[in-house]
1. State which residue pairs qualify: first residue without any contact (Cβ under 8 Å) to a residue 24 or more places away in the chain and more than 12 Å from D143 (Cβ to Cβ) and inside region 182-211, second residue of a type in the set (S, T, Y) and part of a loop (DSSP other than H, G, I, E, B) in any location, beta carbons under 8 Å apart, and separation of 6 or more residues or different chains.
2. Does E669 satisfy the criteria of being over 25 Å from the mean Cα position of the chain (by Cα), under 23 Å from P494 (Cβ atoms), within 16 Å of the ligand (Cβ to nearest atom) and assigned to a helix (DSSP H, G or I)?
3. If the Cβ limit is 8 Å and pairs must be 6+ apart or interchain, which residue in region 9-32 that is charged (D, E, K, R) pairs with which residue that is surrounded by 17 or more Cβ atoms within 10 Å (Cβ to Cβ)?
4. Between E82, E57, which is free of Cβ contacts under 8 Å to residues at least 24 places away in the same chain, acidic (D, E), within 25 Å of N139 (Cβ to Cβ) and loosely packed, with under 14 Cβ neighbours inside 10 Å?
5. If you check V83 against the conditions, is it more than 20 Å from N292 (Cβ to Cβ), touching a His at 6+ places or on another chain (Cβ under 9 Å) and aliphatic (A, V, I, L, M)?
6. Of R264, R289, which residue is within 16 Å of the ligand (Cβ to nearest atom) and either touching a helix residue (DSSP H, G or I) at 6+ places or on another chain (Cβ under 7 Å) or in a strand (DSSP E or B) (or both)?
7. Against the condition closer than 21 Å to M504 by Cα, within 29 Å of the chain's Cα centre (by Cα) and away from the ligand (no atom under 14 Å from the Cβ), how does I684 come out, does it pass?
8. Restricting to region 612-621, and then to whatever is farther than 25 Å from A673 by Cα and part of a loop (DSSP other than H, G, I, E, B), can you tell me which residue is nearest to the ligand (Cβ to nearest atom)?
Amino acid sequence: MPLLAVYTELKKVEEIVGVYRDLASISLPTSAQVRSVDDQFLAVTTQWSQRDLEKSEKTNFTVNYILNAQDYSVLIKTPSQEVKNEIWKKESPSGKYHAVVTSWKNKKGEEKQFIEIWNSQGKIKNYDVCSQEKHGKVNNKDDTFGCLQWSNNEEKLLYTSERKLPKTKSFFGTTNGNDDKKEEKDIVLGKEHYTVEDWGEQLVKKSCSVICILDIKSGTIEVLDTPADLSCGQACWGPEDNTVVFTGWNNDPFRLGLKYCTQRQSAVYTYDLKTQKITSISDKTQSSRSPNISPDQSKLVYFDQPIGGAHKQCSRLKMYDFKTQTNQVILDIVHRPKDEVCNGIYEDVLMSRCWSHDSKQIILSTSYRSRTVLYCINVETKTVRQLNGGIKDGSSSIVDIYKDIIIISCTSPNTPQHLMVGKLLSNPGEEIKWHYLNQPEIDNNISFHLSSHQPTTDRKHSKYGYLDYETILVLPKTTDDKKPPLILFPHGGPHTTFDTLYMMYVAGFCKCGFAVLMVNYRGSLGFGQDSVESILGNIGDQDVKDCKAAADEIISKGLVDGQKVFMFGGSHGGFLTTHLIGQYPDFFQAGCCRNPVTNLTVMTGVTDIPDWVYVESGFDYNHSCLLNPSYSEEMWKRSPIRYVDQVKAPLLLMIGKDDLRVPPSQAKEYYRALKTRNIKTRLIEYEDNCHPIVKVDSEADAFVNIMLWYKEHS
Ligand SMILES: CSCC[C@H](NC=O)C(=O)N[C@@H](Cc1ccccc1)C(=O)O
């Protein structure tokens, strides 16, 4: 390469790295808890996360605030304090104690887990919970099964862990040299290599979760006697601490991936701590989850939806009354949106605190078309209202509520998430006045526009012909008349959605000069259950055409350069990327995709969610389904690889080597097919990354590679 070209290339890299460094340094709130100190003051504890590119890890820290209880002004803000080795922290109901689950490696490199109890004087107890050998590893916050709950009398802690597995050793020797006689009789022979099923992508080694109770005074641990065919989680204390309420997922006949999949068979149960009797309180023909008890302990709410079908869908909000032992629907599944208020609930779980102080209302946030909005649902009148809050056309979500003081997180594509505090008012007509906890950093060089798109007559769905869809166009500020190149970016899933949130990659693309069109094609969440169902059996067609038509509309409005269009997407978004460059070969300059689905016919035996392949291809699924030539034929017709001969655009493929959802072989097969057809392509493989590719160093490397790829092929 001539010297000038080398210099220009280096300059380009430096600029992109600079953009990424700036964005990666932004810290974002992850959670917050509010509590009243007295009539005059409120205390708010907030948790934050920030990328540390030097250490290649995320730094977590807390910031504490003291607020004036009358006008919510910030009186004191403590300096940031880094949090290390902490898996989970939970304040007791009175605020006197904290329980902290910590993880630590001893000198032999073995992982130890402790539950520590703290008060204002310091650490008062520390239990090495796994040493009692009553259970396996404690679940953490992010696991679907995780929970940490103080009993109302503050004497006990409820948590979940993996069920204890029998120890095993080889038929021909010992596991280690120091097994004593007592241990020897508990050891089974020759089972070391038996498969232990788990719950798949991002839930590796989560096989069968059990509920545990730690007696804080004595340190004894009781593992509840739940059936071995249930994985238990999301546990909370029932009225007067006499029962435990939890969600149980069926392990049989075999486990399928649970991450991003709320349609698995599960129910809400109560466990009587005196009699050990387990009762299912939800409808067992539905999939139920996320029980949450009212402050007055008279009732609980939870979500349910049909078992099977789309991996995420619209859910019902249901309520169980402890006195009458009856269930009722508070907010039903919304098939076809009827009003401007609510299109249904699309959340996996409720916030751990979601009730108003009078136990009459629930606060939750969920997608309403392309925005996350706040809802207040009255469980007595079964009425729903949207709460005001945040940025115009932006998104707001609930972070915590305590005694009607609400903390929300507000954001938009040009405004990173920031926290606000307000009071839930008794008069539903009155607007909440929100106060900043931290000031947002608005990027005035980025703007965004929401558009709705009406499919042309030939593209209307045969059953749900009324459906429309939306896009979010994010634009860089340009100094000249030149229109920016466009990145067409459909989301994955397909049953998820792009809400008007701040997304680091999108902001980064804009700062590098690109416009980004995020497409909520039909099938996305937030538009009613009909939209979710409209895509089943139509993948590779309806979604592809929605994306292309949206790009055409935006180009025809003259907002972007129609001669410079690039494709980007992950997973099902990678499926759409490879479809679009194959079906519209002259439209795209280049493409990039992460863990793309490229060939459905070879997915069923290798993904952790084979049901996805059947259901999205338009078939019913049950655990005994086997692939046959007629399924395969339909799957082939819907696969991007079918169009590989037509591809012209250079394609960058990125793989998370540990992805269990979309096996790396999908990208590799497509890569080989492009190579042999002399289409420019590159494959990047990230070690220790699974489906999302979000390890700090990999995410950073992928960003720079994507930008260089597009710039090289502009
Ligand atoms: C057999 S893989 C199917 C594609 C995958 N769907 C579900 O997991 C997918 O597109 N994944 C999305 C992840 C996602 C799904 C739902 C909600 C949020 C994220 C992706 O990686 O973007």
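The values are calculated or read from the model by the stated rules, or taken from the named source; none is laboratory data. Small disclaimer: the values here were computed from a predicted structure and weren't measured. Backbone-built Cβ (ideal geometry, glycine too); neighbour counts: all protein chains shown.
1. Once the first residue is without any contact (Cβ under 8 Å) to a residue 24 or more places away in the chain and more than 12 Å from D143 (Cβ to Cβ) and sits in region 182-211, its partners that are of a type in the set (S, T, Y) and part of a loop (DSSP other than H, G, I, E, B) give I187/T175; L189/S170; G190/S170.
2. Here the answer is yes, as E669 does meet what is asked.
3. Close Cβ pairs (under 8 Å, with a partner that is surrounded by 17 or more Cβ atoms within 10 Å (Cβ to Cβ)) amount to K12/K711; E15/C512; D22/K511.
4. E82
5. When the stated conditions are applied, V83 does not pass them.
6. Answer to the selection: R289.
7. Answer is yes for this residue.
8. Y621
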